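Asks: Dropping a structure here in structure tokens format, bear with me for questions.
We did not get these values from a lab; they are worked out from the coordinates using the rules stated. In this text the structure is predicted, and so the values were computed from the model without any measurement. Cβ placement follows ideal geometry from the backbone for every residue including glycine, while neighbour counts extend to all protein chains displayed.
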Amino acid sequence: MASMLIMLQIVSFLDLLSIGLIVPQLTNHARQLGLNFFHIGMIGALYSACQTISAPIIGSLSDIRGTKPIFLLCLGICSFSYVWLGITSSIIIFMMLRGILGIFKQIQLLVKAVIAENCNDTNEQGVLYGKLIAIAGLGMSVGPVVSGHVIEAYPTNGFTILSCVVGAVFAVNIGFIYSIPFKCKDKKEIPNGEAVTHTLLQSMGNTLKESVNEFYKVDWPIFWDVFVYKMLMALTMGLYFSNFALFLKTEHDVSPKSIGYMVAFQGVIGASSNLLIRHINKLYKVDTDYSKRIFHIFLIITLSLVGLASVPEAYMYIVFIVPKSVCLSIARVVLLEMTTSRGNPDQKGAIMGVSNSVKSLTGVITPIISGVVTQYLGIRYAFYVAACFNGIGTVLSYCNLKKPKTKKEKIK
């Protein structure tokens, strides 16, 4: 199990490293191909929609055929697709490849499935997931720095080089997954392809039915504000992260290398902020329902986004990055604590299911909003729109903060 965990950590690290290498450069490359911001937004929505739809399908296939062959299939298709993504100059093929990657880029999901298959202790699973998240976060910080150096050194064919490197990374992961001795599990006999299709469709139908039932299980009078906060925060983060690299390049003429370091800097600030949670909670001892904390978070992020959109010089950008990154990182923890502190513990599964649905929904609509705003108003206005969404959260959290204490106690 120890050697398997090490291999899975390496696979997770390389997977997130590949994302850090390629994703920050996708928008610039798409622009070079001739796509406008609206088309880029639609492609982003296509990718997110494919991810959302394919996740239960890939999960069902791994249950039917086994995790290892499905894992190897996904890695192989992703390796080929990323190499082709860097070589092609066709807009149609570029869009098709993004859709294919949206379907098969489920590496983190499959890593978790491997852990679940080989570790029956739920507490140990939580520890293993935490280790994977930590090591994978390092990949997300290193990737943008490396890609920035490559793009600056090879401005003409840098994206092609990065795509080939990412394809090679997935090929290396194929070797790791192939060498892992997967635990054999009992599988039902599947006589033919028709039975496989029937079982898969049945599993997908059950997944859809369970997802719908999750919405009815949630006590909405208690949780509605938390899910609104989550949606607004996800919209804010999506609009910011999908536009900030292009914003720095077009508005402040920042080099790709410097943008890479700035991405890594934000990641380090965010990761370091998690270490301050315990100390921050000590400052809010009487804030038992988290209303004051979430109000302060929304307020600071809103002001930071307005500042980021308004700064005349690039060096001033860093001044607003720090509070924004700190608050975004803390917001994830606070929103999770708000969610788990309310209602019946038996509802936690339904609540987390709805949370994932909210995340998936915002992942689809955010690129569309970003594309429309950037295309017709300008890249700077994407930050202002993000600030508006966050401003709604500020107003809502302020109204909840000002409610009489007795009402808030009833909610809790």
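Asks: Among Thr250, Thr340, what is the fewest-to-most ranking by other Cβ atoms within 10 Å? Don't skip to the end; give the middle numbers.
Replies: Details: Thr250 15, Thr340 12.
Fewest-to-most Cβ neighbours within 10 Å comes out as Thr340, Thr250.
Asks: Separate question: Quick one: grab Rg to one decimal and Dmax as a whole number for segment 218-412, Cα atoms only, in Å.
Replies: Cα radius of gyration and Dmax of segment 218-412 are 17.4, 54 Å respectively.
Asks: Follow-up. Taking R0 as 22 Å, what's the FRET efficiency between Leu361 and Trp224 from their Cβ-Cβ distance, rounded to 0.05?
Replies: Working: r = 15 Å, r/R0 = 0.69.
Approximately 0.90, to the nearest 0.05.
Asks: Assuming 0.36 nm per residue, please report the length gained on full extension of the stretch Met42 to Ile93 beyond their Cα-Cα distance. Before the final figure, lay out the partial values.
Replies: Numbers: separation 51, 0.36 × 51 = 18.36 nm, distance 1.47 nm.
So the extension gain works out to 16.9 nm.
Asks: Moving on. Please report, in whole Å, how far the alpha carbons of segment 1-185 spread along each principal axis, starting with the longest.
Replies: 51, 31, 25
Asks: Another question, then. Sorted by mean Cβ packing within 10 Å, highest first, what order do the peptides 239-249, 280-290 take? Don't jump to the answer; show the numbers that get you there.
Replies: Working: 239-249: 21.5, 280-290: 13.4.
Averaged packing, sorted descending, gives the order 239-249, 280-290.
Asks: Please name which of Leu138, Val83, Phe159 has its Cα lying farthest along the dipole of segment 1-185 towards the positive end, using unit charges on Cβ (Lys, Arg +1; Asp, Glu -1) and the Cα centre as origin.
Replies: Ranked along the dipole, the leading option is Val83.
Asks: Rounded to the nearest 0.05, what FRET efficiency is calculated for Tyr376 and Glu337 with R0 set to 45 Å and r the Cβ-Cβ distance?
Replies: Details: r = 39 Å, r/R0 = 0.86.
Computed FRET efficiency for Tyr376 and Glu337: 0.70.
Asks: Can I ask one more? What is the extension gain from Asp253 to Ile318, computed as 0.36 nm multiplied by their sequence separation minus the C-alpha to C-alpha distance, in nm to one decimal? Intermediate results must be reported in sequence, preceding the final value.
Replies: On the way: separation 65, 0.36 × 65 = 23.40 nm, distance 1.50 nm.
Working it through step by step, the gained length comes to 21.9 nm.
Asks: Please work out the FRET efficiency for the pair Arg278 and Leu138, using the Cβ-Cβ distance as r and a Förster radius of 30 Å; give the result to the nearest 0.05.
Replies: Numbers: r = 22 Å, r/R0 = 0.75.
Working from the Cβ atoms, E equals 0.85.
Asks: Between their Cα atoms, which of Lys68/Lys112; Lys324/Lys402; Lys292/Lys324 are more than 21 Å away from each other?
Replies: On the way: Lys68/Lys112 12 Å; Lys324/Lys402 24 Å; Lys292/Lys324 17 Å.
Lys324/Lys402, as the Cα separations exceed 21 Å there.
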